[in-house]
1. Looking only at residues that are touching a Lys or Arg at 6+ places or on another chain (Cβ under 9 Å) and of a type in the set (D, E, K, R) in the stretch 110-136, which one is surrounded by the most Cβ atoms within 10 Å (Cβ to Cβ)?
2. Is there a residue in the stretch 92-107 that is over 20 Å from R12 (Cβ atoms), outside any loop (DSSP other than H, G, I, E, B), touching a helix residue (DSSP H, G or I) at 6+ places or on another chain (Cβ under 8 Å) and not aliphatic (A, V, I, L, M)?
3. Only one of R16, R3 is part of a helix (DSSP H, G or I) and among the charged types (D, E, K, R); which?
4. Quick check, is A165 in a helix (DSSP H, G or I), in contact with a Lys or Arg (Cβ under 9 Å, 6 or more places away or on another chain) and small (G, A, S)?
5. Which numbered condition trips up A35, out of (1) farther than 17 Å from A116 by Cβ; (2) in a helix (DSSP H, G or I); (3) touching a helix residue (DSSP H, G or I) at 6+ places or on another chain (Cβ under 7 Å); (4) in contact (Cβ under 8 Å) with a residue 40 or more places away in the chain?
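Readers should treat all values here as calculations from the given coordinates under stated rules, not as data from a laboratory. Quick caveat: nothing in here was measured; it's all calculated off a predicted structure. Every residue, glycine among them, receives a Cβ derived from its backbone with ideal geometry; neighbour counts consider all protein chains shown.
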Amino acid sequence: MKRTTIGIIELREILRFVSESVTKEESRLNALDAAIGDGDHGITVRVGFQAVRKSIENTSNATDISTILGNAGRAFMDATGGAIGIILGRMLISGQEALKGRETLGADELKCWLDAMESTIIAVGKAKPGDKTILDAVHAASVAVSASVSQGNDVVEALLAASQAADRAARDTANMLCKVGRASRLGEQVLGHPDPGAVTFSIVMDSFYRWLIEHPPESNGTHPLHS
């Protein structure tokens, strides 16, 4: 039985899994950030996603995925500081605005959410693709999902495309100069170092995909979590 959408229960579990994945990568993300920034990126995103995990417990009565994403984004921003805290929080909140009233997240909804994320980063971070920011990974994922949706693929296939594209884009940022933020003052010193925000987003997309692969729906069309 193929999965075509992600429901409210699955989304909660996926966000918990994202929190676990980001926490495991804290040291690596700090090291990446130390090369071009303050060295605390891993700490920030770990704290933020731990707050997201706690927020999930306060949305047990949610009837749509947009409420879960909105609460998650506000929890992330409340728990963190700095530009990345605002940007990642707003990226989650963009899902509330783009998917208002939606009870499931399918490939089409994923495309809408990624488009909303991209617009949010451009508005908040004043960045564009190629500036060596988280936007590079988000933009690549958005383009990949658009192509996947046009081919009629389901949400699992779309997330695979998003995960692969985000990973490639994050690694490619190592060859870019920073054009926004404090790291822009470092010039060619940033070459060889991928952007930690882009890497974080690739981890998030990979976590969404891996959770779905590791928790396939049962043959009767239900998910074990629903039984």
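1. K132
2. Within the stretch 92-107 (the criterion being over 20 Å from R12 (Cβ atoms), outside any loop (DSSP other than H, G, I, E, B), touching a helix residue (DSSP H, G or I) at 6+ places or on another chain (Cβ under 8 Å) and not aliphatic (A, V, I, L, M)), the answer is no, since none of the residues qualifies.
3. It is R16.
4. no
5. (3)
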